[in-house]
Every structure is written in structure tokens, then in C-alpha cells.
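Single-structure report; data block below.
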Amino acid sequence: MDVDTRLAEDWVRAIAAAVEREHERLTELDSAIGDGDHGSNLRRGFTAVLAVLAVLDSPDSPSGPSGPSGPAAPAPDGGPGALLTRTGSTLISKVGGASGPLYGKAFRAIGAALPPPGQPPADAAGLGEALAAGLRAVRDLGRAAPGDKTLVDAWTPALDAYREAVAAGAGLPEAAAAAAGGAERGALDTVPLEARKGRASYLGPRSVGHQDPGARSTALLFHALAETTAARAAEHPGEPA
């Protein structure tokens, strides 16, 4: 299964749907150890991303550097990398707090790591390298490491599980499912941790016993990837995974 523009768009839409379903829960988690705005911030950001996708999908979508409402969405033939890069830029510009820059940089790094149009598209292994680039971007910006009670604690085991699955011969849907499981476990494993980064770190030992909201939203991201690739596999049962 290749990572094409449609798969990238379906993934972003699945993340937006997950954020819409879970934004109150994310806000609840953030209210316990943060500013209480993680869910609302991500909801606002992905609402803006969906608006960008609507422009992209429009038959009148501009292909120049700007359109009636500002910078144009990437043209449909810009490839998955352009779409994910634009997703990241939109999140940076629309999402407040720490989550906008972190997720924005992550998606921009993922997009930049994918092959441009005219080159063979990324396969399961190629997407793994792009996801690794996303994690590096998050760690570089946030200076967080596993155990700090951040989204890194979900992204790291997700990437590890993904790579292990690919190394064992799994296709993209199976590797994405493994990553979703890894992210879920990582998010739950933040509960007993004491926060060492971000606003939650101000609470010290009082941050123990609460799930990190960024780790939870990262789990949503990887669950959305698993959902999207499984749907593609079901739609095209003869397509190599």
C-alpha cells in the first residue's frame, strides 16, 4: 500500500473526526494538570485544517501562491507530503498553547520526509521514516524525552511498534494497527509519571495519577492512521499491503 495524497487526506480527516469526538475528554485531562484548553485548541486547529482540505477538493481550487482567502492549499497533484506540510502549517497558525507548534512541526516534518511528486511513493517502511522525522521534530522543539509525561511517551512506543511490525514483514495496515496499540499503551503509561516538561511540571508530584493529554491526543492520531489504512485495505482487497 502506497502513501498517496488520498491516504494522507483520509488520515487527516480521521484525526479531525477523532478530535471532534474526544475534545471534551482531552480538555478534561488537560484541566487536571494543564491549562484546560488542549481539546478546544486541537478542535479549532483541525477545523481550520478541514477548511483547507475543502479548498483543495474544490474544482475551483487555486493553484497559485495565494487565493481569495489567503495562501492556497497545495494542489491535488502536490502529493501527500505537500498536504501534510500544509496541515502542519495550519496547526501552527491556528492552535494556541504548546500543542499547535508541536503537532504543527510534527506534520511538517512528516510531510517533508515523504517523496515529492515524480518519485516513487512511500511504502510502509517509508512512512515509518516519516513518522520518525515527526517524532524528532517534536523532541527537538519540546526538549522532551520518554518518561517526561508528554506526547513523546505515546509517539515513541507507537513508532517502535510500527518499525517492529514492518521489520517482521507486516504491511501498512498491520504496522499502523501495531502503532496504535503502542500509542495507547504509552498514553496509559503516563498516568503514574511525574511531569517534567510543560505546565504540568509545575505541579510536581501532584501530576502523578493523571494521563497526559498530549499523549492521549497522540494515541488518537495513531488510531486514526490504523483506521484509515484498514479502510483502504478493505476498499482495495487486492492491493499489496
*If you plug each phi of the range 107-113 into the Karplus form 6.51 cos²θ - 1.76 cosθ + 1.60 with θ = phi - 60°, what whole-Hz ³J(HN,Hα) values come out, in order, with x for Gly and Pro?*
5, 5, 5, 4, x, 5, 7
_Using protein chains only and a probe of 1.4 angstrom, how many square angstrom of THR5 are accessible, to the nearest 10?_
30
_Residue with peak Gaussian network fluctuation, the chain [Cα springs, cutoff 10 Å], from GLY45, GLY118, GLY126_ = GLY118
*In whole Hz, with x marking every Gly and Pro, tabulate ³J(HN,Hα) for the range 146-152 from phi via Karplus 6.51 cos²θ - 1.76 cosθ + 1.60, θ = phi - 60°.*
x, x, 7, 6, 9, 4, 4
*Point-charge dipole on Cβ atoms (K/R +1, D/E -1) for the range 142-241, about Cα centre, debye to 20*: 560
*the chain - Debye-derived log10 I(q)/I(0), Cα point model, q = 0.08, 0.09 Å⁻¹*: -0.28, -0.36
*Return the long-range amide H neighbours of VAL208 (sequence gap of 5 or more, or a different chain), with a cut-off of under 5 Å between placed amide H atoms.*
ALA195
*asked:* With θ taken as phi - 60° and the coefficients 6.51, -1.76 and 1.60, list the Karplus ³J(HN,Hα) couplings across the range 95-101 in order, rounded to whole Hz; mark glycine and proline as x.
replied: 9, x, x, 7, 5, x, x
*Can you give the accessible area of HIS38, probe radius 1.4 Å, in Å² rounded to 10?*
20
*Considering only ALA233, THR218, ALA130, whose Cα is most displaced toward the positive end of the charge dipole of the range 89-241, charges sitting on Cβ of Lys, Arg (+1) and Asp, Glu (-1)?*
THR218
*Considering only protein heavy atoms, what is the solvent-accessible area of GLU129 at a probe of 1.4 Å, reported in Å² to the nearest 10?*
100
_Under 19 Å from the Cα of LYS197 - lysines, other chains or at least 8 residues apart_ = LYS105, LYS149
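The values are calculated or read from the model by the stated rules, or taken from the named source; none is laboratory data. Given the structure is predicted, the values throughout are model-derived calculations rather than measurements. Glycine gets a Cβ as well: all are built from the backbone with ideal geometry, and neighbour counts include every protein chain shown. All accessible areas refer to the heavy atoms of the entire protein, side chains included, with ligands and DNA or RNA removed. Shrake-Rupley method; radii C 1.70, N 1.55, O 1.52, S 1.80 Å.
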